[in-house]
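So the structure is just underneath, and the comments pick up after that.
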Number of protein chains: 2
Amino acid sequence: MRCEVVAIGTELLLGQIIDTNSSWIGDHLAQIGIDSLHQTKVGDNHERIVDALKTALKRSDAVICCGGLGPTQDDITREAIAEVMGVELELDPNIVEIIKRMFESRGRTMPDNNLNQARIPKGAAAIAKQPGTAPGLICPIGNQVIYAVPGVPYEMHQMMESAILPDLLKRSGTKAIIKSKVLKTWGYSESRLAELLSNRIEQLDEKRNPTLAFLASGIEGLKVRITAKGETASSVLSTIEKEEAIVRGLLGNSIFGSDDETMESVVIKLLKQRNLTMSITELTSGGIASTRLSNKDPFGEVFAGGLVPRSSKTRERILGLERDLIGTEEGAKNLAKATRDFFGSDIGLATTGEHDLPGQSAAGKTFLGIADSKGERVELVKLPGDYERVRQFSVISLLNALRLEIIKK
Amino acid sequence: MRCEVVAIGTELLLGQIIDTNSSWIGDHLAQIGIDSLHQTKVGDNHERIVDALKTALKRSDAVICCGGLGPTQDDITREAIAEVMGVELELDPNIVEIIKRMFESRGRTMPDNNLNQARIPKGAAAIAKQPGTAPGLICPIGNQVIYAVPGVPYEMHQMMESAILPDLLKRSGTKAIIKSKVLKTWGYSESRLAELLSNRIEQLDEKRNPTLAFLASGIEGLKVRITAKGETASSVLSTIEKEEAIVRGLLGNSIFGSDDETMESVVIKLLKQRNLTMSITELTSGGIASTRLSNKDPFGEVFAGGLVPRSSKTRERILGLERDLIGTEEGAKNLAKATRDFFGSDIGLATTGEHDLPGQSAAGKTFLGIADSKGERVELVKLPGDYERVRQFSVISLLNALRLEIIKK
């Protein structure tokens, strides 16, 4: 079964908005085994939208069009679909009610132009879950179908998950349940990871259930996605579990988490289990670790605090650190220890490198300091990329070093 | 003149990579007055790439295809273009030399499969500027043209700017020079901004030179882009300058910067001119301000430092702040003053709100504290969105409040 995506909106063509919706949809179609061979962007122009939809229906069984369902004159997706279906628009009193109530609940009266949103092609059905004023539509055309969803990402996501993906699965005749699990790794390069998994991927390629896919996502780590299908939820979960065990056997401790976990959420969880607190002084990372940790642990159960001392005066006075130790191994040790004392936490962390000194343009070589009651250790990493990337990579590298220390204990 | 974009790569359809290239190209085409009415994504499949290119040439004068110029078997853009042109590929010895030298300069030998990158359609010309191993191509077909650029963004940007945009301008017969200037604003909502500028935009719409366009970019502020064309660089600049004066007259101090400037770079510049230093304690923002400020001022000429004290114990001990003042106006004042003292800077800043206390899920109401030698002030802002957005918005709101104080003096 094939399903293409048509993203509608002149602002997409002008680059004023980046079309992340098509990527999200493509990812979710792939996960349920539906091919999406074309994705198209087209502006708010009736003729060209109609054209794009007709072209899509020549090649595919289903089309998801995204955007152009708002209340203004620019929003002409409904009209274009009606033309492709060869029908008129008609006012749906249920949708009128839904939109009216939405305005009333905010203490406002529905403006007249929102009535446009309730005019839908004859023969189309509105998607029950409607988080905003724009209804999603399911528009059958013979054996084919056009779906219409709003361009607002969270509205689109809800409609895809509640109605469109299930409908596509039903149409594709797939009775199978399909599920994925993403394992996140840090430490191996992309090519090394591919090497480690190549035999296993070859073995799997024959029966295609489960499958393994790579997703590089920069400073968030490298991801390995296991996708399995089966007739019952329990058989799918068991296939994924077995495959996960094999992948974990091959990749070991480089796997730091799965699905929605991040390096910082994993480290916070590990520390919380052990009733430990931590703090950090960020020379190289300049606040990035504090931002991430405070987002996951806003009330400081584990993360006691972060310090970003920029001027040498500040560093000397607050932490008692001598300027010429910055960017050195000893500096990272002292800094981690001073941080631990300063915040009164169980663990003190620090990032520093030569790039933290004026006049040192060479970025990359970074010392990661860890201090606890047993003393201080430093890990030296050579990080790729420009200053901004080095700052980012220093955080995930340091948190990963701490993670490995904790789990090896 | 019309030019469409064809982005090539199965990973784009699968949503493993978001296609930001097409948006960048669309934006830059619009800036030089060339219409881009269609943008298409297609996978690494010979037949479908050929199809996409032929379809594009039926509707447009030029096509830019992006991606699929690497050395592997998946990279088949060259072959597809050759088929559309009705020619063979031939080895270009100049390109072979360029790629060889690139490997040699890194102390490596060119692998054989990189020779594929030097095989280009007969009649095509390589783009002189080639930052990576993939050459960009200009492939004329009668009066039409296909351009091919690599999918690596910075390689694509260089080729677009050095060769493709100038070539398109020449082909379009436009002798005009086109330039833009972006003014960045903070403080007005998008609809209020539209209201303030609506008369002016109507006036301009008649002659279309200069033009004004809006670009919303969330926490980076709302942007107003002035685009002008003319026969000489000086006449274009003078058109932009005149328009800028009019827009500044309408929007006043809400304009905080232009083009590559950010709120933090502007505040740092203003403070540096006045020989002032500043520091911040980030309860609500949790490290975001420190990250941004340290990125623009890494050696602390202006930014003395940031503190992210998460646990109440830390706050009490380090800053002497009482827990029950957090999230209040008085708390923001005390915090700003304590920060100023702690870092020994001229100005102390602070962000706090009820959302910084456990059990207070309501986010948004945020107190922004500013302390200097004259005392403390607090600004209360109600910020929209979830916790993450409130954290982000609190930073630009606070820095903007400081900016307005400085320039009003």
### Task
Scan the range B:139-175 residue by residue and report those that are free of Cβ contacts under 8 Å to residues at least 60 places away in the same chain, more than 23 Å from B:V50 (Cβ to Cβ) and of a type in the set (A, V, I, L, M).
B:V152, B:A163
### Query
What single numbered condition from (1) aliphatic (A, V, I, L, M); (2) at pLDDT 90 or above; (3) in contact with a helix residue (DSSP H, G or I) (Cβ under 6 Å, 6 or more places away or on another chain); (4) not in a helix (DSSP H, G or I) fails to hold for B:V267?
(4)
### Message
Quick check on my filter: what residues within the range B:29-49 are more than 7 Å from every other protein chain (Cβ to nearest Cβ) and surrounded by fewer than 20 Cβ atoms within 10 Å (Cβ to Cβ)?
### Response
B:Q31, B:G33, B:D35, B:N45, B:H46, B:E47
### Query
Only one of B:I280, B:I268, B:I255 is in contact (Cβ under 8 Å) with a residue 60 or more places away in the chain and within 14 Å of chain A (Cβ to nearest Cβ); which?
B:I280
### Message
I'm checking my understanding of the structure. Among residues of the range A:274-302 that are over 29 Å from A:I326 (Cβ atoms) and touching a helix residue (DSSP H, G or I) at 6+ places or on another chain (Cβ under 9 Å), which one is surrounded by the most Cβ atoms within 10 Å (Cβ to Cβ)?
### Response
A:P298
### Query
All but one of (1) more than 22 Å from A:R171 (Cβ to Cβ); (2) out of contact with any Leu (no Cβ under 7 Å at 6 or more places or on another chain) hold for A:Q16; which doesn't?
(2)
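Restricting attention to strands (runs of 3 or more DSSP E) lying wholly within the range A:162-249, give those where 1 or more residues are closer than 20 Å to A:R403 by Cβ. Outline the logic, then answer.
Values: elements: A:177-185, A:211-216, A:222-230.
Ranges flagged: A:177-185, A:222-230.
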### Query
So A:N209 fits all but one of (1) farther than 19 Å from A:F393 by Cα; (2) free of Cβ contacts under 8 Å to residues at least 24 places away in the same chain; what number is the exception?
(2)
### Query
For the range B:50-137, which strands (runs of 3 or more DSSP E) that fit wholly inside it have 1 or more residues that are in the same structural domain as B:S162 (by TED's automatic domain parsing) and surrounded by fewer than 18 Cβ atoms within 10 Å (Cβ to Cβ)?
B:89-91, B:119-121
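Restricting the search to the range A:337-354, which residues are crowded, with 23+ Cβ neighbours inside 10 Å and either of a type outside the set (S, T, Y) or farther than 8 Å from A:S279 by Cα (or both)? Explain how you work it out, then say what you get.
At the first step, the residues of the range A:337-354 found to be crowded, with 23+ Cβ neighbours inside 10 Å are A:339-340, A:343, A:345, A:347-353.
Those that are crowded, with 23+ Cβ neighbours inside 10 Å and either of a type outside the set (S, T, Y) or farther than 8 Å from A:S279 by Cα (or both): A:R340, A:F343, A:I347, A:G348, A:L349, A:A350, A:T351, A:T352, A:G353.
Evaluate the following for B:I146: is it at pLDDT below 95 and among the hydrophobic types (A, V, I, L, M, F, W, C)?
On the way: at pLDDT below 95: no; among the hydrophobic types (A, V, I, L, M, F, W, C): yes.
It is false that B:I146 is at pLDDT below 95 and among the hydrophobic types (A, V, I, L, M, F, W, C).
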### Query
Among the residues of the range A:342-350, is any modelled with pLDDT of 90 or more, in a helix (DSSP H, G or I) and assigned by TED's automatic domain parsing to the domain that holds A:F367?
yes
### Query
Taking the range B:130-155 only, how many residues are out of contact with any Phe, Trp or Tyr (no Cβ under 9 Å at 6 or more places or on another chain) and closer than 20 Å to B:M110 by Cβ?
6
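Within the range B:144-198, take every residue that is of a type in the set (G, A, S) and surrounded by 15 or more Cβ atoms within 10 Å (Cβ to Cβ) and give me the one that is farthest from B:G132 (Cα to Cα). Steps first, answer last, please.
Initially, the range B:144-198 is screened for residues of a type in the set (G, A, S), giving B:148, B:151, B:162-163, B:172-173, B:176, B:180, B:187, B:189, B:191, B:194, B:198.
This time we only want the ones that are surrounded by 15 or more Cβ atoms within 10 Å (Cβ to Cβ), so: B:148, B:151, B:162-163, B:172, B:176, B:180, B:187.
Working: B:A148: 14, B:G151: 11, B:S162: 15, B:A163: 15, B:S172: 29, B:A176: 31, B:S180: 29, B:G187: 42 Å.
The extreme case among them is B:G187.
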### Query
Residues of the range A:351-370 being at pLDDT below 95 and either assigned to a helix (DSSP H, G or I) or of a type outside the set (S, T, Y) (or both), which ones?
A:G353, A:E354, A:H355, A:D356, A:L357, A:P358, A:G359, A:Q360, A:A362, A:A363, A:G364, A:K365
### Task
Kindly indicate whether any position in the range A:308-319 is within 11 Å of chain B (Cβ to nearest Cβ), touching a Phe, Trp or Tyr at 6+ places or on another chain (Cβ under 7 Å) and at pLDDT 95 or above.
no
### Query
Is it true that some residue in the range A:288-295 is at pLDDT 95 or above, over 21 Å from A:R391 (Cβ atoms) and facing another protein chain (nearest Cβ under 8 Å)?
no
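Could you grab me the full set of residues in the range B:380-398 that are of a type in the set (F, W, Y) and at pLDDT 90 or above?
Filtering the range B:380-398 for residues of a type in the set (F, W, Y) gives B:387, B:393.
The one that is of a type in the set (F, W, Y) and at pLDDT 90 or above: B:F393.
To keep it simple, each residue is scored yes or no on (1) part of a loop (DSSP other than H, G, I, E, B); (2) modelled with pLDDT under 95; (3) among the small types (G, A, S).
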{"site": "A:G252", "(1), (2), (3)": "no, no, yes"}
{"site": "A:L271", "(1), (2), (3)": "no, no, no"}
{"site": "A:I280", "(1), (2), (3)": "no, no, no"}
{"site": "A:P298", "(1), (2), (3)": "yes, yes, no"}
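The values are calculated or read from the model by the stated rules, or taken from the named source; none is laboratory data. What you see is a predicted model; the values in this text were computed from it and never measured. In this analysis, Cβ positions are derived from the backbone assuming ideal geometry, glycine residues included, and neighbour counts consider all displayed protein chains.
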